[in-house]
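Got a structure here, written out as structure tokens. Questions coming.
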Amino acid sequence: MDCNVESNVKAIKKSKDEKKVLRKQIKASHTLLKHEGIVTAPQPTKSLVVANGGLGNGVSREELSAVLKEMGEVETLVMPPHKPYAFATFSARKAHTHLNGQKLQCGENSVTLYLSYVNSVICEEELSLHFPEGLVLLEDFVSSEEEALLLAAIDWSSTNDVVTAQKALKHRRVKHYGFEFCYDNNNIDKDKPLHAGLPVECLPVLERCLKNGHIITMPDQLTVNQYESGQGIPPHVDTHSAFEDTILSLSLGSKVVMEFRHPDGRVVPVVLPGRSLLVMKGESRYLWTHGITPRKFDMVPSCDPQSSADITPGLRTNSNLTLSKRDTRTSFTFRKIRHEPCLCAFRSACDSQGAPTAPSPSLPSPPSLPCCHADAARLEEEYVHRVYNAIASHFSSTRHSPWPRVCHFLSSLPAGGVLADVGCGNGKYLGVNTEVIAVGCDRSSALVQICTERGFQAFVSDALSVPLRTAVCDACISIAVIHHFSTQERRLAAVRELVRLLKPGGQALIYVWAFEQEYNKQKSKYLKDQNKQCPENQCLIFDTPEDSQEPNGESGSNSIGCLKDNYKPEDNIQDPFKVTDGKLGVHTNRTAFNTQDLLVPNSCSNNAAPVFHRYYHVFQQGELEQLCGQVAGAKVLRR
């Protein structure tokens with residue numbers, strides 16, 4: 001492809017701007033080949049690949065189609081999900097000549113298009129993702145007039161309405177009618193009904209649901225959520241012991257995509273149009289979580305008349321998507337209070353039958369430090385893995401600014417290098433250096449899904465066993481991950497796994513939370529700044545020597561080369577801050593750490609939100625260097 005593209009350059013004098021466009025077009029072709037395996041053609045064909053014209057760049061099907069149609073009738077337009085390119089088939093020569101290097105305005109942003117010929121259009125096989133069992137979507141369930149009446153019935157003017165238990169949560173506004181749903185324990189107080197019953201404007205809608213057989217009894221609890229563009233709600237299952245089987249969710253205002261997740265990892269995105277009713281029964285209500293990822297655009301099936309056949313709601317078709325801009329959406333969720341224990345068939349998710357409603361939000365019995373591998377795995381599953389899956393949406397929305405030192409490390413990597421981000425979270429570092437081949441992995445399937453939606457390559461994996469070949473990476477990063485392992489042996493194994501992935505001469509960057517939050521009697525920003533998300537961190541960069549024969553750490557240098565002159569690794573770090581009674585304490589945010597092993601409450605929102613606790617081992621000064629020094633083949637460069 002390289003020589004073909006360059007042989008396409010005619011020996012005629014070009015202007016400075018034309019040369020610049022040509023260079024960028026060639027670079028775009030190289031990038032498509034290297035990262036996507038797309039081979040461009042040297043001679044004109046009927047098909048084009050449009051670099052920067054994809055859904056992953058924020059370009060909608062309608063916006064791209066409009067500019068292409070100015071060049072001629074478009075036969076097919078394929079926009080793969082999450083990708084920064086699209087394919088078009090039509091009389092392509094005119095578009096190739098006139099659109100290369102042209103800017104396309106997409107809302108508040110603009111992109112520059114670079115077009116190349118291709119011999120064939122790559123179209124992934126369409127995936128049919130069927131609705132969860134018991135889920136029904138009824139479009140146009142209410143009329144525009146009914147929608148207006150329902151919205152007018154909700155008065156948001158009061159900021160502290162005790163009658164409807166109004167709350168202003170971080171990612172939405174909420175009102176409760178009939179009974180208040182308490183987010184601190186994910187339940188309701190059945191002995192304390194609210195003064196405000198369900199609004200009378202809701203009765204015609206509910207009577208229609210009864211008549212049509214969607215419910216068998218009239219609901220007595222209503223939660224009204226109002227979402228602005230970019231807001232959402234974390235994945236959750238409505239508490240079994242609080243509510244009966246059928247749950248109704250009426251969507252008013254803007255269209256949105258709600259994601260249903262099965263415990264086995266399956267994800268089904270469901271498009272909820274305005275004025276639609278979602279009915280959740282059985283498995284879809286009791287077992288699948290449902291949530292809305294905070295974002296301003298959703299990928300939805302196109303309504304383009306050129307699209308092939310009608311799209312069944314809830315089915316994803318890879319070649320037939322467009323972007324839908326979110327606006328204000330209000331949901332009415334109707335439920336029936338349960339007065340007897342739930343006896344459903346889904347025991348693993350049923351709090352009436354022993355399953356917790358959340359990862360120990362109130363900590364009735366604090367866990368103990370693990371004494372064996374099995375205990376450690378259980379602790380991390382309960383207080384790390386399950387928590388991150390529960391808070392993934394909120395966590396992602398607060399982690400959008402890459403840290404400067406990490407960016408500097410990533411920017412220093414050579415073009416074409418392979419980077420592994422082990423514990424990649426929402427993928428905020430995967431796109432820092434577009435010249436490297438970056439892949440991420442994380443234990444949280446919910447966070448990996450967010451990475452995928454952003455167009456990054458990521459997969460679910462434990463940091464102790466990454467399914468990549470030995471010595472395949474030029475660089476690895478582990479940002480705020482290793483402090484979640486609850487024993488010294490598991491933390492050491494996590495570092496060994498990073499070393500195994502590195503080529504000889506490769507480098508890794510590790511960040512962990514630091515125990516010491518004061519230096520020379522100066523408090524860290526974590527102690528002083530109420531808006532700072534996390535404490536100060538220890539940072540460490542190490543490499544594997546060029547002449548190491550065993551990059552997996554089985555042999556090689558065992559020394560530490562630390563640039564901090566006054567640091568000397570000790571055989572055993574003095575640790576007066578270990579948990580003494582075996583029980584883990586709960587840390588008070590914005591205060592100095594009293595122990596190294598603790599549970600940190602996650603402040604998702606204000607006090608109305610559930611409180612989740614994450615396990616941390618905060619590192620004393622020098623502890624991370626000592627840990628890396630135990631791994632053969634690793635040499636500490638600087639901290």
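The values are calculated or read from the model by the stated rules, or taken from the named source; none is laboratory data. Since this is a predicted model, take the numbers as computed values, not measurements. So basically every Cβ, Gly included, is an ideal-geometry build from the backbone, and we count neighbours across all protein chains shown.
If we keep just the residues of segment 378-437 that are without any contact (Cβ under 8 Å) to a residue 12 or more places away in the chain and not hydroxyl-bearing (Ser, Thr, Tyr), which is surrounded by the fewest Cβ atoms within 10 Å (Cβ to Cβ)?
404
To continue, here is another question. Show me the strands (runs of 3 or more DSSP E) found entirely inside segment 400-510 where at least 2 residues are over 30 Å from residue 264 (Cβ atoms). Full working, then the answer.
Numbers: elements: 418-422, 437-442, 458-460, 473-479.
Because the criterion is at least 2 residues that are over 30 Å from residue 264 (Cβ atoms), the strands (runs of 3 or more DSSP E) in segment 400-510 that meet it are 473-479.
Condition (residue is buried (at least 17 other Cβ atoms within 10 Å of the Cβ), part of a strand (DSSP E or B) and at pLDDT 90 or above) applied to segment 230-245: is it met by at least one residue?
yes
Something else: Being surrounded by fewer than 20 Cβ atoms within 10 Å (Cβ to Cβ), among the aliphatic types (A, V, I, L, M) and touching a Ser or Thr at 6+ places or on another chain (Cβ under 7 Å) is the filter here, so list the residues in segment 58-77 that pass it.
Hit for segment 58-77 is 74, nothing else.
Another question about this same structure. Can you tell me which residues in segment 247-262 are assigned to a strand (DSSP E or B) and either of a type in the set (Asp, Glu) or under 17 Å from the mean Cα position of the chain (by Cα) (or both)?
256, 257, 258, 259, 260, 261
Okay, next question. If you take the residues in segment 264-281 that are among the charged types (D, E, K, R) and within 20 Å of residue 449 (Cβ to Cβ), which one is surrounded by the fewest Cβ atoms within 10 Å (Cβ to Cβ)? Spell out how you get there, then give the answer.
Of all residues in segment 264-281, those among the charged types (D, E, K, R) come to 264, 266, 275, 281.
Filter once more, so that each one left must be within 20 Å of residue 449 (Cβ to Cβ): 264, 266.
Values: 264: 6, 266: 12.
Looking at residues that are among the charged types (D, E, K, R) and within 20 Å of residue 449 (Cβ to Cβ), I get 264.
When segment 88-104 is examined, which residues are found to be in contact with a Ser or Thr (Cβ under 7 Å, 6 or more places away or on another chain) and farther than 16 Å from residue 51 by Cβ?
The answer is 89, and nothing else.
Only one of these is at pLDDT below 90 and not aromatic (Phe, Trp, Tyr): 363, 379, 419, 410. Name it.
Values: 379 fails: at pLDDT below 90; 419 fails: at pLDDT below 90; 410 fails: at pLDDT below 90.
From the options 363, 379, 419, 410, the qualifying one is 363.
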